[in-house]
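Undergrad: This is the structure I have questions about; it appears just below.
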Amino acid sequence: MPIKSDNWIRKMSENHGMIEPFESGQVRGGNISYGVSSYGYDIRVAPEFKVFTNVHNLVVDPKAFDDRSFVDINADTCIIPPNSFALARTVEYFRIPRDVLVICVGKSTYARCGIIVNVTPLEPTWEGYLTLEISNTTPLPAKIYANEGIAQLLFFEGDEEPSTAYADRKGKYMKQVGVTLPRM
């Protein structure tokens, strides 16, 4: 399963709308970088966050998730409390080809500050805004910058198409729009 280069990512995004909006090069200039890299695409975090709170002393249950576990923040920056967690979404909308698997990994700028983005797969034929899971592993508050780079996507092309892809099984996170909470 070969990893795809910057040229393939540009072609698929410009000709097939794989990533929208799309940046064909690295954008820096005082920002945490985003856009095409050598073998990936650095995605941006939108100014829409859900930060975990313990105000209601709820149990986090993926089968019966209570959205009172979060505080909604819509701003250019988000402070994640020490040893806490936030959900966010990407600025970019994705349409993943049937023969491609995408893996999301954190950027080193944030990782070196103890801020971890969960490794998340984007499965073949999945479409939508990606919900990001951002952990602050430090004993200090951590700042996240909206509309700047947060993680990198790596694109892997399979030798053949899967017999059943995400859209075929009507995946529960298909075409998600905002920050999407766990579903059963």
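The values are calculated or read from the model by the stated rules, or taken from the named source; none is laboratory data. Treat the numbers as computed from the prediction; the structure is a model and nothing was measured. Virtual Cβ from ideal backbone geometry, glycine too; neighbours counted across all protein chains shown.
Undergrad: Taking the stated definitions as given, is Glu48 modelled with pLDDT of 95 or more, assigned to a loop (DSSP other than H, G, I, E, B) and surrounded by 14 or more Cβ atoms within 10 Å (Cβ to Cβ)?
TA: Details: modelled with pLDDT of 95 or more: yes; assigned to a loop (DSSP other than H, G, I, E, B): no; surrounded by 14 or more Cβ atoms within 10 Å (Cβ to Cβ): yes.
No: the conditions fail for Glu48.
Undergrad: Going by the structure shown, is Ile43 of a type outside the set (Ser, Thr, Tyr), out of contact with any Cys (no Cβ under 9 Å at 6 or more places or on another chain) and surrounded by 13 or more Cβ atoms within 10 Å (Cβ to Cβ)? Don't jump to the end; show me each part of the working.
TA: On the way: of a type outside the set (Ser, Thr, Tyr): yes; out of contact with any Cys (no Cβ under 9 Å at 6 or more places or on another chain): no; surrounded by 13 or more Cβ atoms within 10 Å (Cβ to Cβ): yes.
Answer is no for this residue.
Undergrad: For the range 42-66, how many residues are out of contact with any strand residue (DSSP E or B) (no Cβ under 8 Å at 6 or more places or on another chain), of a type in the set (D, E, K, R) and touching a residue at least 40 places away in the same chain (Cβ under 8 Å)?
TA: Adding up the residues that qualify gives 1.
Undergrad: Quick check on the range 7-34: of everything there that is without any contact (Cβ under 8 Å) to a residue 40 or more places away in the chain and small (Gly, Ala, Ser), which residue is surrounded by the most Cβ atoms within 10 Å (Cβ to Cβ)?
TA: It comes out as Ser13.
Undergrad: Could you say whether any residue in the range 84-98 is more than 22 Å from Gln176 (Cβ to Cβ) and surrounded by 17 or more Cβ atoms within 10 Å (Cβ to Cβ)?
TA: Applying the first criterion (more than 22 Å from Gln176 (Cβ to Cβ)) to the range 84-98 yields 84.
Next, from what is left, pick out any that are surrounded by 17 or more Cβ atoms within 10 Å (Cβ to Cβ): 84.
There is at least one residue in the range 84-98 that is more than 22 Å from Gln176 (Cβ to Cβ) and surrounded by 17 or more Cβ atoms within 10 Å (Cβ to Cβ).
Undergrad: Hey, another quick one. List pairs: first residue in the range 138-150 and surrounded by fewer than 21 Cβ atoms within 10 Å (Cβ to Cβ), second residue in a strand (DSSP E or B) and among the acidic types (Asp, Glu) anywhere in the structure, Cβ distance under 9 angstrom, at least six positions apart or on different chains.
TA: That search, which allows pairs on different chains as well, returns Ala146/Glu48.
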